[in-house]
1. Please find, within segment 65-84, the residue that is modelled with the lowest pLDDT out of those that are in a loop (DSSP other than H, G, I, E, B) and surrounded by fewer than 10 Cβ atoms within 10 Å (Cβ to Cβ).
2. For a quick check of your reading of the model, give me the residue pairs whose first member lies in segment 85-107 and is open to solvent by 40 Å² or more (accessible area, probe 1.4 Å), whose second is outside any strand (DSSP E or B) and of a type in the set (Val, Ile, Thr), with beta-carbon atoms closer than 7 Å and at least 6 apart or on different chains.
3. State whether one or more residues within segment 10-26 are under 14 Å from the mean Cα position of the chain (by Cα), modelled with pLDDT under 80 and either open to solvent by less than 50 Å² (accessible area, probe 1.4 Å) or among the acidic types (Asp, Glu) (or both).
4. Listed residues Ile34, Ile62; which is of a type outside the set (Gly, Ala, Ser), in contact (Cβ under 8 Å) with a residue 12 or more places away in the chain, surrounded by 14 or more Cβ atoms within 10 Å (Cβ to Cβ) and under 26 Å from Gln112 (Cβ atoms)?
Amino acid sequence: MKALFYFLTITILLWVEFGAAQQDAECTRVRKYISVDWPDCEPAYTKVPTCDGTCRSYDVVIPTPPYLQKDCNCCKSEQHSVKKRQLSFLCNGRMENHTVFLPIIDKCRCAQCQVSIIHVDT
């Protein structure tokens, strides 16, 4: 019974301390330069929106199995679209324009951490 009391107390304290702090205030959409490759050309650089910032995460010891309570949140895109963009590349000493497809992030937020790969179909 004592272990259950400690578990409930820890859970309530975590909710009070971290639950309200899960706001997206520090996770924002910012524009950064990325390098885009094209065969037989020098890389081109373009500015695209990315998600950047800090989200609340924690590990806490609890008295019962699994003995750790985890909450991992990451700053990630909530909405994105794919846009066609014309970029200039230096290819064999001359400038060439090529069309590339880039994911464009529309909105960012703190969300449960998971590894995700965006596949872009053109």
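1. Residues of segment 65-84 in a loop (DSSP other than H, G, I, E, B): 65-67, 72.
With surrounded by fewer than 10 Cβ atoms within 10 Å (Cβ to Cβ) added as a condition, the list becomes 65-67.
Numbers: Pro65: 84, Pro66: 80, Tyr67: 83.
Per the stated criteria, the residue is Pro66.
2. Pairs found: Phe101/Val120; Phe101/Thr122; Pro103/Ile118; Pro103/Val120.
3. Checked segment 10-26: at least one residue is under 14 Å from the mean Cα position of the chain (by Cα), modelled with pLDDT under 80 and either open to solvent by less than 50 Å² (accessible area, probe 1.4 Å) or among the acidic types (Asp, Glu) (or both).
4. On the way: Ile34 fails: surrounded by 14 or more Cβ atoms within 10 Å (Cβ to Cβ).
Ile62 is the lone residue from the list that is of a type outside the set (Gly, Ala, Ser), in contact (Cβ under 8 Å) with a residue 12 or more places away in the chain, surrounded by 14 or more Cβ atoms within 10 Å (Cβ to Cβ) and under 26 Å from Gln112 (Cβ atoms).
The values are calculated or read from the model by the stated rules, or taken from the named source; none is laboratory data. Keep in mind the model is a prediction, meaning the values are calculated, not measured. All Cβ positions, even for glycine, are placed from backbone atoms using ideal geometry, and neighbour counts span all protein chains on display. To get the accessible areas, we keep the full protein, side chains included, count just its heavy atoms, and leave off ligands, DNA and RNA. Shrake-Rupley method; radii C 1.70, N 1.55, O 1.52, S 1.80 Å.
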